[in-house]
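Chemist: Could you have a look at this structure, given as structure tokens, before my questions?
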Amino acid sequence: MSNKNLIITFTRNPELGKVKTRLAKTIGEASALAIYIKLLEHTESVLRNIDSDKAVYYSVKIRENDLWDSNIYQKHQQFGDDLGIRMQNAFKAGFDAGYSKIVIVGSDLHDLQPKHITQAFDTLDTNDVTIGPAEDGGYYLLGMKTLYKDVFENKNWGTETVFDDTIKNLKNESVFLLEQLNDVDTYEDIKNNHTLKALIEHDKTYK
């Protein structure tokens, strides 16, 4: 541990037919995979120069010699029955290792910038929790100084109720809200993004 701050990102192994399945229903599996790889590359570029320790948690299998340089990123396997428990386990491992502030961020945000991560760590100086709300009713970032287990339990992950339910769990804590961002799950999320739309295969009919 070289820093008291830890930034975590969860990733899915980038395999055809295994990522962005809702998006793939509209644009096809190959284009969905290309877009997810682009999102991973963007996420890595955002996290690379943040002044904190960094960890990537793989969905299926830890990969060596990939986008995530093992000299920069700790590599771990996600474990748990659902997304909430997997995040809870990652936070617990970080706090058990001695980190004072931990931030987890999604890997499917083309609008994510270093300022969001920096602000999350800074606002934890005077708040218990920092959350980055997503446009779809979830959240793209969660930062804590101590483990609040309720936040990770009894949620319908992937639905529009996650953010509101999380806020209810934290009603007795001080919470800072970052700006709302759009994570990429469906074609609606990329239809106005020229960079991501350019990755859609040319033989598709989606414009």
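Chemist: With a cut-off of at most 11 other beta carbons within 10 Å, and DSSP calling the residue loop, which GluC sites (Glu not before Pro) in region 38-132 qualify? Please list them.
Modeler: Values: sites: E41, E44, E64; in loops: E64.
Those that pass, being in a loop and sparsely packed, are E64.
Chemist: Strictly greater than 15 Å: what percent of every Cα pair in region 67-125 meets that? Please report the intermediate quantities before stating the final value.
Modeler: Working: 1094 of 1711 pairs.
Every Cα pair in region 67-125 considered, those over 15 Å come to 64 percent.
Chemist: Averaging over every viewing direction, what projected area does the convex hull of the Cα atoms of the chain cover, in nm²?
Modeler: Average of the hull's projected areas for the chain equals 11.1 nm².
Chemist: On the protein heavy atoms, probe 1.4 angstrom, tell me the percent of accessible surface of region 112-207 carried by carbon and sulfur.
Modeler: Numbers: 2290 of 5200 Å².
So the carbon and sulfur contribution to the accessible surface is 44 percent.
Chemist: Hey, what did region 38-162 get for relative contact order, percent, Cα under 8 Å, at least 6 apart? Each step should come with its number before you reach the end.
Modeler: Numbers: 156 pairs, mean separation 30.2, N = 125.
Relative contact order for region 38-162 comes out at 24 percent.
Chemist: I've got another one for you. Heavy atoms of the protein only, probe of 1.4 Å, neighbouring chains included. What is the accessible area of R22 in Å², nearest 10?
Modeler: Counting only protein heavy atoms, the figure is 120 Å².
Chemist: Expressed as a whole percent, how much of the Cα-Cα distance distribution for region 89-207 exceeds 25 Å? All intermediate terms of the calculation are to be shown ahead of the outcome.
Modeler: Working: 2061 of 7021 pairs.
Tail of the P(r) past 25 Å holds 29 percent of the pairs.
Chemist: On average, how much accessible surface per residue is there in region 60-207, in Å², for a 1.4 Å probe, leaving out ligands, DNA and RNA?
Modeler: Numbers: 7860 Å² over 148 residues.
For region 60-207, the per-residue accessible area is 53 Å².
Chemist: Of D81, D136, D122, which has the largest mean-square fluctuation in a 10 Å C-alpha GNM of the chain?
Modeler: D81
Chemist: Equivalent-ellipsoid semi-axes (√(5λ), Cα gyration tensor) for region 40-103, whole Å, largest first? It would help to have the intermediate numbers written out before the result.
Modeler: Numbers: eigenvalues 73, 50, 22 Å².
Gyration-tensor ellipsoid for region 40-103: 19, 16, 10 Å.
Chemist: When all protein chains stay in place, what accessible area (Å², nearest 10, 1.4 Å probe) is found for I37?
Modeler: 70 Å²
Chemist: Leaving ligands, DNA and RNA out of it, rank L67, L33 by accessible area with a 1.4 Å probe, largest first.
Modeler: Details: L67 70, L33 30 Å².
Accessible-area ranking of L67, L33, largest first: L67, L33.
Chemist: Kindly flag which residue pairs out of K54/K145; K20/K155; K75/K191; K20/K115; K25/K115 have an alpha-carbon separation exceeding 24 Å in this structure.
Modeler: On the way: K54/K145 16 Å; K20/K155 21 Å; K75/K191 33 Å; K20/K115 26 Å; K25/K115 33 Å.
Check vs 24 Å cut-off fails for K75/K191; K20/K115; K25/K115.
Chemist: So what does I7 come to for accessible area, using a 1.4 Å probe and Å² rounded to 10?
Modeler: 0 Å²
Chemist: Using the C-alpha gyration tensor of region 16-122, what are the square roots of 5 times its eigenvalues, in whole angstrom, with the largest one first? Numbers along the way, then the final one.
Modeler: Working: eigenvalues 119, 58, 37 Å².
Those come to 24, 17, 14 Å.
Chemist: Here's another thing I want to ask about it. Pick out, in residue order, every one of the GluC sites (Glu not before Pro) in region 125-207 that is DSSP loop and has at most 16 other C-beta atoms within 10 Å; say none if there are none. Write out the running numbers ahead of the final one.
Modeler: Details: sites: E135, E153, E160, E173, E179, E188, E201; in loops: E135, E153, E160, E173, E179, E201.
Answer by residue number: E135, E153, E160, E173, E179, E201.
Chemist: Calculate the dipole size of the chain relative to its Cα centre from +1 charges on Lys and Arg beta carbons and -1 charges on Asp and Glu beta carbons; express the result in debye to the nearest 20. Please list the in-between numbers first.
Modeler: Details: 25 positive and 32 negative charges, 64 e Å.
My answer is approximately 300 debye.
Chemist: While we're looking at this one, here's another question. Projected onto the charge dipole of the chain (+1 at Lys/Arg Cβ, -1 at Asp/Glu Cβ, origin at the Cα centre), which of L83, Y57, L142 gives the Cα projection farthest towards the positive end?
Modeler: It is Y57.
Chemist: Could you work out the percent of alpha carbon pairs in region 107-154 separated by over 17 Å, rounded to a whole number? The partial results should precede the final answer.
Modeler: On the way: 438 of 1128 pairs.
For region 107-154, the fraction of Cα-Cα distances above 17 Å is 39 percent.
The values are calculated or read from the model by the stated rules, or taken from the named source; none is laboratory data. Keep in mind that what you see is a predicted model, and the values were worked out from it rather than measured. Neighbour counts are summed over all protein chains in view; Cβ atoms, including those assigned to glycine, are modelled from backbone coordinates with ideal geometry. Just so you know, the surface numbers come from the protein's heavy atoms only, side chains and all, with ligands and any DNA or RNA stripped out. Shrake-Rupley method; radii C 1.70, N 1.55, O 1.52, S 1.80 Å.
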